[in-house]
1. Just wondering, is there one or more residues in segment 144-167 that are assigned to a strand (DSSP E or B), more than 24 Å from residue 75 (Cα to Cα) and among the aromatic types (Phe, Trp, Tyr)?
2. Do you know which residues across segment 154-173 are within 22 Å of the chain's Cα centre (by Cα) and either modelled with pLDDT under 90 or surrounded by fewer than 18 Cβ atoms within 10 Å (Cβ to Cβ) (or both)?
3. Just the residues that are hydrophobic (A, V, I, L, M, F, W, C) and touching a Ser or Thr at 6+ places or on another chain (Cβ under 8 Å), please, taken from segment 173-200.
4. Mind listing whichever residues of segment 126-153 are over 22 Å from residue 66 (Cα atoms), surrounded by 15 or more Cβ atoms within 10 Å (Cβ to Cβ) and not hydrophobic (A, V, I, L, M, F, W, C)?
5. Can you find a residue in segment 95-106 that is touching a Ser or Thr at 6+ places or on another chain (Cβ under 9 Å), in a strand (DSSP E or B), surrounded by 15 or more Cβ atoms within 10 Å (Cβ to Cβ) and modelled with pLDDT of 80 or more?
Amino acid sequence: MTGLSASENHLFLGSRNQKRIYYYTLPGITTRKLFSYLAGFSMTCDIAMNAADSLVWVASENTSLAVKCYDTYNTMVDYIPTSMIPNARGMALDPNGYLWISDIDADKIYKIDLTAGIEEGQGIQGLTVVPSANPFSGAVTIQASGVNASITIFDMHGRQVENDSFQESWTWNSSAPAGNYVFVIRDDQGATATLDLVKI
């Protein structure tokens, strides 16, 4: 187990290898129950839980999205990209609703207002990318003029569905089902951009 969070009368545990969030009902820690399965997400480092909203924030290694937020239906409903926090590890939610995240590479602690964004610390320099359409039907082309870049696409369950490299433009013509997708683009200088696109 990696990651521990208490909220209301529950104690939540993150499983590093099983990709699951379990919980116990306090005060007696007797029966473990499944809260959520983190589809497409592994190597959990820590979790922060808000039981009132039934949402769990998860920090993980080896991903283009530093932190993902899942609901009880195992769907990724929000995220924080590595362009904002390169290497998230420890996390906690305070009583005022701020999410605190430690970054072992930057040696910083970030205070995040979940309704307004990062309040302290700065991310890696941004990258300008433009999709041909949003929402899109069939294919979508990503333009990143003058750069060599890699692209990783996640579905809203956090599963990686595509990974490729390109120069200046890249077209995704996939048979993936309609839905929301997160496109993470990183150039060879380390600048990153994240796009939320909808396939119809």
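The values are calculated or read from the model by the stated rules, or taken from the named source; none is laboratory data. In this text the structure is predicted, and so the values were computed from the model without any measurement. Cβ atoms come from the backbone with ideal geometry, glycine included; neighbour counts cover every protein chain shown.
1. Yes.
2. Here is the first cut: in segment 154-173, the residues within 22 Å of the chain's Cα centre (by Cα) are 154-165, 172.
Within segment 154-173, 154, 155, 156, 157, 158, 159, 160, 161, 162, 163, 164, 165 meet the criteria.
3. In the first step, residues of segment 173-200 are kept if they are hydrophobic (A, V, I, L, M, F, W, C); the result is 176, 178, 182-185, 191, 193, 195, 197-198, 200.
Passing the criteria: 182, 183, 184, 185, 191, 193, 200.
4. 131
5. First, the residues of segment 95-106 that are touching a Ser or Thr at 6+ places or on another chain (Cβ under 9 Å): 97.
Narrowing the set further to residues that are in a strand (DSSP E or B) leaves none.
Within segment 95-106 (the criterion being touching a Ser or Thr at 6+ places or on another chain (Cβ under 9 Å), in a strand (DSSP E or B), surrounded by 15 or more Cβ atoms within 10 Å (Cβ to Cβ) and modelled with pLDDT of 80 or more), the answer is no, since none of the residues qualifies.
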